[in-house]
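Student: Pasting a structure here, questions to come.
The values are calculated or read from the model by the stated rules, or taken from the named source; none is laboratory data. Note that the structure is a prediction, hence the values are computed from the model and not measured. In this analysis, Cβ positions are derived from the backbone assuming ideal geometry, glycine residues included, and neighbour counts consider all displayed protein chains.
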Amino acid sequence: MRVKIQPAALADLQKGWRFYERQQEGWGDYFQESLFVDIDSLVTLGGVHRTFFGYHRLLSKKFPFAVYYRVEGGEAVTIWRVLDLRRHPRAIEKELSQGEDGPR
């Protein structure tokens, strides 16, 4: 499967990078590298994860973040958001509902 990343998800990754880089130099890079390894797994594992708020949710292996995505016709995975799971579930749901077409 192809993996497409929406602009909002790229902005989420950048925001996470800034947060971890402020903690200690180099952690931002480690954060992004780890998340992209998780995202790369969707090439073969796209669609196997449980759904939350109308999106499949892939949990990061190393950080308290989740990748929210949808499978399109069995050919592509579209990543809509990459969100910090330390937030209240309602806040996460609100972020997801502000996507281009909202949850299905």
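Student: Restricting attention to the stretch 27-44, does a residue exist that is in contact with a helix residue (DSSP H, G or I) (Cβ under 9 Å, 6 or more places away or on another chain), over 16 Å from I5 (Cα atoms) and either modelled with pLDDT under 95 or not in a helix (DSSP H, G or I) (or both)?
Tutor: No, the stretch 27-44 contains no residue that is in contact with a helix residue (DSSP H, G or I) (Cβ under 9 Å, 6 or more places away or on another chain), over 16 Å from I5 (Cα atoms) and either modelled with pLDDT under 95 or not in a helix (DSSP H, G or I) (or both).
Student: Anything in the stretch 45-62 that is over 11 Å from the mean Cα position of the chain (by Cα), in a loop (DSSP other than H, G, I, E, B) and surrounded by fewer than 21 Cβ atoms within 10 Å (Cβ to Cβ)? List them, or say none. Spell out how you get there, then give the answer.
Tutor: Looking only at the stretch 45-62, we keep the residues that are over 11 Å from the mean Cα position of the chain (by Cα), and these are 45-54, 61-62.
Now restrict to residues that are in a loop (DSSP other than H, G, I, E, B): 46-50, 53-54, 61-62.
Of everything in the stretch 45-62, those that are over 11 Å from the mean Cα position of the chain (by Cα), in a loop (DSSP other than H, G, I, E, B) and surrounded by fewer than 21 Cβ atoms within 10 Å (Cβ to Cβ) turn out to be G47, V48, H49, R50, F53, G54, K61, K62.
Student: Within the stretch 13-23, is even one residue buried (at least 18 other Cβ atoms within 10 Å of the Cβ) and under 12 Å from the mean Cα position of the chain (by Cα)?
Tutor: yes
Student: Among the candidates R104, R81, single out the residue that is at pLDDT 95 or above and either in a strand (DSSP E or B) or surrounded by fewer than 14 Cβ atoms within 10 Å (Cβ to Cβ) (or both). Spell out the reasoning first.
Tutor: Values: R104 fails: at pLDDT 95 or above.
Being at pLDDT 95 or above and either in a strand (DSSP E or B) or surrounded by fewer than 14 Cβ atoms within 10 Å (Cβ to Cβ) (or both) holds for just one of R104, R81, which is R81.
Student: Let me ask you something else. Suppose we filter R50, R81, R86 for residues that are touching a residue at least 24 places away in the same chain (Cβ under 8 Å) and of a type in the set (D, E, K, R); which single one remains?
Tutor: After ruling out the rest, the residue left standing is R81.
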